[in-house]
Every structure is written in structure tokens, then in C-alpha cells.
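Chemist: Quick one: structure below, then a few questions.
The values are calculated or read from the model by the stated rules, or taken from the named source; none is laboratory data. Note that the coordinates shown come from a computational prediction; the quantities given were computed from them, not determined experimentally. Every residue, glycine among them, receives a Cβ derived from its backbone with ideal geometry; neighbour counts consider all protein chains shown. The accessibility values were calculated without ligands, DNA or RNA, using every heavy atom of the protein model including side chains. Shrake-Rupley method; radii C 1.70, N 1.55, O 1.52, S 1.80 Å.
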Amino acid sequence: MRKWQSGSFERHKISRPLRSFTPAHAADSLESVDAEALWNRGKRLLLLDVDNTLVQWHTDRCSLEVLNWTKKAKALGFEICIVSNTNQHERLAKIAKSIGAETVRGRFKPSRSMFRLALMKFKRKPEEAIMVGDQLITDILGANRTGIEAIWVRRLEGKEFKGTSINRVMERMLTGAIYQALVAPIDETGDTVAVERAKPFAQKTIVHQFIKFAIVGGASFAIDFGFTYLFMKILPWNGGLMSNHLGALLIRDFPSLFHFAKGPSEAALPLLTAIASLIAMTNSAFMNRAWTFEIKGKEERAKQIRRFYLVSILGQVFNIAVASGMYNLIGDQHLAIPKIMGAAVGAIWNFAGSRIYAFRGHV
């Protein structure tokens with residue numbers, strides 16, 4: 001998913017096939033929804049999703065902020081109903097009791113079944129109800145199909161049900177289109193596309209990110225080169241250099257793989273470079289996540305790090321290929337030049353892959 005943005009949607013600007021997936025409004029959290037404004041617009045029934053809207057998946061305790069928000073909503077006069085697909089009846093009952101809400105269960109969303117049952121139970125018309133949920137494919141689509149206005153909230157951090165990941169993939173495909181109809185205040189959402197394009201070149205986000213990425217890359221290169229130099233030129237083994245002994249073993253045991261090497265040192269370079277690069281890659285993953293792309297919290301951290309490793313490993317293939325080729329061409333007296341050339345090729349690939357794939361949705 002792209003970087004989260006809050007604001008109201010001009011749904012008439014969305015093509016009809018996508019309009020059913022488009023909420024009326026996007027909010028950063030349930031408690032940021034203006035309940036009083038909804039009441040003043042004639043809304044009387046609040047329909048709420050459970051997982052990642054009211055509580056984190058597999059938990060049953062609402063935050064103090066959620067409890068206070070629902071308390072204020074009830075004080076305004078709202079009736080509150082939870083519409084959920086969960087089979088955990090006791091958990092659902094506990095959550096409902098904590099916020100003083102009724103519950104309705106039926107066919108899985110986006111079926112209209114639960115929404116219609118809720119309207120019947122509270123004797124309300126669709127235009128008197130408002131649905132709040134974190135998923136476009138279930139909560140928003142189901143409400144829109146029933147004629148109920150929907151508010152899309154940013155999901156709570158934490159793990160999700162495995163099946164939900166399929167919905168998230170579909171959401172990522174939809175958000176680019178529906179965000180085109182978003183009326184988002186700049187001071188709430190940060191850089192919009194229009195604002196970003198209007199910035200001077202030196203102030204563009206991608207330029208700042210590239211500079212930070214380059215600084216992180218420089219630090220990681222120093223780590224990479226330092227460990228490579230340590231492995232190749234310093235570490236002893238049986239009265240000689242570790243790299244020479246390791247290279248000799250590789251040539252002896254895997255002659256077809258290391259036929260390119262002029263000598264033991266050249267044969268050892270790819271393996272020792274890979275080890276040094278793995279150490280540097282770990283440093284780069286965490287620094288780029290926290291500093292370059294400014295991603296906070298634990299949300300999708302493991303997935304992002306895995307994607308970063310994939311991008312970086314492919315980058316290292318290019319790095320090692322270039323470095324090894326140059327090393328064999330110019331000899332072992334000029335270790336820095338092959339490393340610099342390999343790192344340059346890898347850096348271009350890594351920045352593009354990190355921005356477009358590894359940390360997508362946050363840049």
C-alpha cells in the first residue's frame with residue numbers, strides 16, 4: 001500500500017467499478033473520527049469492525065483511547081453495533097461489553113447480510129448508519145453495497161490473520177486509483193503528489209532519501225571493505241593468510257567453479273566478499289528503514305527487512321561479479337578499485353529496489 005493519507009474522497013471522480021471500494025473518508029484511527037460531526041449530519045448508528053480497528057488481531061482489550069471515543073459517541077446518542085466475521089464468540093462478547101455495544105454476525109463481509117441485519121436490529125435506514133473499518137475489500141465494499149457510508153481507518157499495528165494478507169495485496173492495487181479522488185489537507189498528510197512536484201529539486205523527498213541512502217551506503221561500504229580487507233590481507237591461518245589457504249581449498253575441491261581464478265587469493269575473494277557484504281547489509285537494512293525512509297514502529301518490519309535482503313542480495317550478485325572481474329583483470333595490488341566499482345553498480349540497484357519494493361508504501 002502507498003503511504004497512508006487521511007482525508008475525504010470525492011467518490012464521483014472514481015470510475016464506477018472502483019467506486020464500491022472507495023470510502024467517504026479516510027482517518028488515521030478510530031479515535032480521530034469526528035463523531036460529533038457525524039451526529040450533526042444525521043448519523044445515528046455506528047457500525048464497527050473488530051480486528052485492527054477496535055483491537056489488535058487475537059486480542060480482546062480496547063485501548064483507553066478507543067474506550068473514551070466510544071463513550072463520547074454514546075453520550076452523543078449513537079447506537080453502536082459491532083459487525084464481525086470472527087468465530088471467537090467469547091472474545092467478541094468481551095469486546096462488545098467493554099464498549100457497551102451490540103453485535104451482529106452473518107455471512108462474511110463484503111456480503112450485505114450483516115449490514116442488513118444491523119439496520120433491521122436497530123430499525124435504521126442506510127443513510128442513518130456509518131461503517132468504520134480498516135479493510136477496503138470487506139468493510140468498505142460491504143457497507144457501500146448496502147448503501148451505508150463508510151470510513152476507512154488505518155489499521156492498528158501488529159500481526160494479522162493470514163487470509164487478510166490477500167486482501168492487503170488487493171488494497172495495494174486499488175489505493176493508487178482511489179487516492180486520486182482524495183481531498184487531503186497538506187498539513188495532515190505531508191507531501192502530496194502535487195506538492196512534491198512543485199518543490200525545488202534540492203528539496204524533493206527522493207533527493208533527500210538518495211542522500212541519506214548514500215550516507216548509509218558509505219558507512220556500509222566502510223564496513224564491507226573493512227571486513228573484506230581483514231579477511232583477505234590480515235587474518236592469519238597456519239603461518240600464512242587465511243585467504244590463500246581458503247582459496248587453495250576452493251580451487252582443489254571445486255575446480256570447475258573457480259577456474260577463473262589466477263591464484264588462491266582471487267578464488268577466495270567472492271566468498272569472503274559475500275560474508276563481509278552480509279554484515280554490511282544488516283547494518284544497511286536497519287539504518288535505511290529507520291533513517292532514510294523514516295519508518296517507525298514494528299508494523300511490517302520483518303517483511304520489509306526480508307524484502308530489503310532480497311534486493312540487497314541481488315545487488316551483491318552484481319557487486320561481486322563486477323568486483324571479482326575487475327580484481328582478476330588488474331591483480332591483487334589494487335583491492336579498492338574493484339570494490340568501489342562493484343559497490344557503485346550495487347548502490348544504484350539497491351536504492352531503486354529499496355524505494356520501489358522493499359519499503360514500498362512508506363516513500
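Chemist: Show the residue pairs meeting these rules: Cβ distance below 8 Å; 6+ apart or different chains; first residue within segment 73-98 and under 16 Å from TRP57 (Cα atoms); second residue among the polar types (S, T, N, Q) and part of a helix (DSSP H, G or I).
Modeler: What qualifies is ASN85/THR138.
Chemist: Taking the stated definitions as given, is LEU47 crowded, with 19+ Cβ neighbours inside 10 Å, modelled with pLDDT of 95 or more and of a type in the set (A, V, I, L, M, F, W, C)?
Modeler: yes
Chemist: Follow-up. Starting from segment 110-121, take each residue that is without any contact (Cβ under 8 Å) to a residue 12 or more places away in the chain and list its partners that are open to solvent by 80 Å² or more (accessible area, probe 1.4 Å) and of a type in the set (Val, Ile, Thr), counting only C-beta distances under 6 angstrom and pairs at least six apart or across chains.
Modeler: none
Chemist: What are the residues in segment 33-70 that are small (Gly, Ala, Ser) and free of Cβ contacts under 8 Å to residues at least 60 places away in the same chain, if any?
Modeler: Those that are small (Gly, Ala, Ser) and free of Cβ contacts under 8 Å to residues at least 60 places away in the same chain: ALA35, ALA37, SER63.
Chemist: Between a residue in segment 325-341 that is small (Gly, Ala, Ser) and in a loop (DSSP other than H, G, I, E, B) and any residue that is open to solvent by 30 Å² or more (accessible area, probe 1.4 Å) and modelled with pLDDT of 80 or more, which pairs come within a Cβ distance under 9 Å, given they are 6 or more apart or on different chains?
Modeler: Final answer for the pair search is GLY331/LYS262.
Chemist: Now a separate question. So which residues in segment 80-108 are of a type in the set (Ser, Thr, Tyr) and part of a helix (DSSP H, G or I), if there are any at all?
Modeler: Within segment 80-108, just SER98 meets the criteria.
Chemist: Taking segment 119-139 as the search range and keeping residues that are farther than 17 Å from GLY42 by Cα and either more than 28 Å from the chain's Cα centre (by Cα) or at pLDDT 95 or above (or both), which one is surrounded by the most Cβ atoms within 10 Å (Cβ to Cβ)?
Modeler: Step by step, filter segment 119-139, then rank; the result is LYS121.
Chemist: Restricting attention to segment 5-35, which residues are assigned to a loop (DSSP other than H, G, I, E, B) and either among the hydroxyl-bearing types (Ser, Thr, Tyr) or buried (at least 17 other Cβ atoms within 10 Å of the Cβ) (or both)?
Modeler: Correct list: GLN5, SER6, ILE14, SER15, SER20, PHE21, THR22, PRO23, ALA24, SER29, VAL33.
Chemist: In segment 289-310, how many residues are closer than 15 Å to GLY346 by Cβ and either surrounded by fewer than 19 Cβ atoms within 10 Å (Cβ to Cβ) or touching a strand residue (DSSP E or B) at 6+ places or on another chain (Cβ under 8 Å) (or both)?
Modeler: Within segment 289-310, residues that are closer than 15 Å to GLY346 by Cβ and either surrounded by fewer than 19 Cβ atoms within 10 Å (Cβ to Cβ) or touching a strand residue (DSSP E or B) at 6+ places or on another chain (Cβ under 8 Å) (or both) number 2.
Chemist: Next question. Please verify whether LEU38 is surrounded by fewer than 21 Cβ atoms within 10 Å (Cβ to Cβ), under 20 Å from ILE148 (Cα atoms) and at pLDDT 90 or above, treating the condition exactly as stated.
Modeler: yes
Chemist: Is there a residue being over 17 Å from ALA343 (Cβ atoms), at pLDDT 90 or above, over 42 Å from the mean Cα position of the chain (by Cα) and not aliphatic (A, V, I, L, M) anywhere in segment 220-235?
Modeler: No - not one qualifying residue is present in segment 220-235.
Chemist: If the requirement is being in contact with a Gly (Cβ under 9 Å, 6 or more places away or on another chain), modelled with pLDDT under 90 and among the small types (Gly, Ala, Ser), which of these qualifies: GLY239, GLY247, GLY217?
Modeler: The match here is GLY217.
Chemist: Right, something else. Would you check if ARG360 is outside any helix (DSSP H, G or I) and either out of contact with any Asp or Glu (no Cβ under 8 Å at 6 or more places or on another chain) or surrounded by 17 or more Cβ atoms within 10 Å (Cβ to Cβ) (or both)?
Modeler: yes
Chemist: May I pose another question? Do you know which residues across segment 226-250 are open to solvent by 60 Å² or more (accessible area, probe 1.4 Å), part of a helix (DSSP H, G or I) and touching a helix residue (DSSP H, G or I) at 6+ places or on another chain (Cβ under 6 Å)?
Modeler: PHE227, ASN244
Chemist: Of the residues in segment 63-99, how many are buried (at least 20 other Cβ atoms within 10 Å of the Cβ) and more than 26 Å from GLY42 (Cα to Cα)?
Modeler: Of the residues in segment 63-99, 1 are buried (at least 20 other Cβ atoms within 10 Å of the Cβ) and more than 26 Å from GLY42 (Cα to Cα).
Chemist: Of the residues PHE286, PHE318, PHE260, which single one is open to solvent by 40 Å² or more (accessible area, probe 1.4 Å) and outside any helix (DSSP H, G or I)?
Modeler: PHE260
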